[in-house]
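Structure, as structure tokens:
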């Protein structure tokens with residue numbers, strides 16, 4: 001049996017799902033902890049992509065991968081302290097309006113600084129020339145795939161594992177999980193929930209920064225990218241279950257494979273960009289709270 005087509009589709013699905021997962025993880029982490037629908041999360045992706053574009057052009061692409069997440073962590077902390085903290089207890093309509101307005105501002109500032117045309121990352125040649133995976137994987141004969149996309153999959157796996165370990169086995173993670181369950185009780189216990197929430201927003205921005213530099217490297221960067229990534233990310237969060245980390249990972253993979261399989265089927269490729277909405281309709285019809293949504297959330 002020739003495994004080459006299966007391996008190729010599997011890798012493509014994982015690569016598409018990787019970007020969905022990275023953006024959705026930060027979004028669901030912020031929502032699950034703070035209960036805020038952050039419609040400016042796509043702009044964090046956009047900032048990360050443009051930061052990466054500049055850093056890659058100035059000092060190298062590898063440095064962009066290393067520095068952009070740290071820069072976005074700082075941006076997230078500033079964002080929370082200067083704006084988001086004032087909307088923790090405001091109605092959800094206020095949260096949506098202010099964060100969506102901020103997203104539009106970031107988009108237009110990016111257009112003013114970088115122009116409206118799509119730009120390409122300065123990616124090293126070794127990262128974009130496909131390699132034959134048949135030299136490394138048993139049972140595979142001739143599957144050529146760019147190292148850049150394999151790296152995106154690997155970084156996503158590392159990010160998911162690191163986030164799981166952080167939330168599961170550290171004191172900070174315990175406070176975050178407690179805050180998700182009962183933020184009032186956390187405050188009564190004397191825990192500085194404000195500081196915890198600020199770090200959570202920073203972590204969400206960090207994940208968006210990773211998505212921005214990897215997504216920008218694989219595709220292109222334009223001012224509209226933030227909004228284009230926001231809607232699928234929200235779908236992933238809703239399908240996975242509002243506030244569920246595991247749900248975001250599984251839903252991201254489902255979305256990635258759905259797009260890949262649609263592209264591979266003759267006659268259906270023009271619908272690959274809308275298939276995620278059909279998946280959302282089917283899943284939410286069967287499970288209104290998503291895969292792992294909890295009662296009272298979503």
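The values are calculated or read from the model by the stated rules, or taken from the named source; none is laboratory data. Since the structure is predicted, the reported quantities are computational estimates derived from the model, not experimental observations. No Cβ is skipped: glycine too gets one built from the backbone with ideal geometry, and neighbour counts run over all protein chains shown.
Observations, loosely collected:
- A single member of 58, 89, 119 is without any contact (Cβ under 8 Å) to a residue 40 or more places away in the chain, farther than 22 Å from residue 203 by Cα and either surrounded by 14 or more Cβ atoms within 10 Å (Cβ to Cβ) or over 20 Å from the mean Cα position of the chain (by Cα) (or both), and it is 58.
- Matching residues, segment 125-168, being in a loop (DSSP other than H, G, I, E, B), surrounded by fewer than 17 Cβ atoms within 10 Å (Cβ to Cβ) and touching a helix residue (DSSP H, G or I) at 6+ places or on another chain (Cβ under 6 Å): 141, 142
- Of the criteria (1) surrounded by 14 or more Cβ atoms within 10 Å (Cβ to Cβ); (2) at pLDDT 95 or above; (3) farther than 30 Å from residue 14 by Cβ, which one residue 112 fails: (1)
- Options 242, 294, 255: the member that is in a helix (DSSP H, G or I) and either under 30 Å from residue 67 (Cβ atoms) or at pLDDT below 90 (or both): 255
- Subset of segment 33-55 that is touching a helix residue (DSSP H, G or I) at 6+ places or on another chain (Cβ under 6 Å) and more than 20 Å from residue 156 (Cα to Cα) - its residue that is surrounded by the most Cβ atoms within 10 Å (Cβ to Cβ): 38
Per-residue answers, yes or no, for (1) over 14 Å from residue 225 (Cα atoms); (2) assigned to a helix (DSSP H, G or I):
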site	(1), (2)
86	yes, yes
89	yes, no
93	yes, yes
98	yes, yes
101	yes, yes
106	no, yes
110	no, yes
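- In segment 209-218 there is at least one residue matching the filter, namely being more than 19 Å from residue 70 (Cα to Cα) and modelled with pLDDT of 90 or more.
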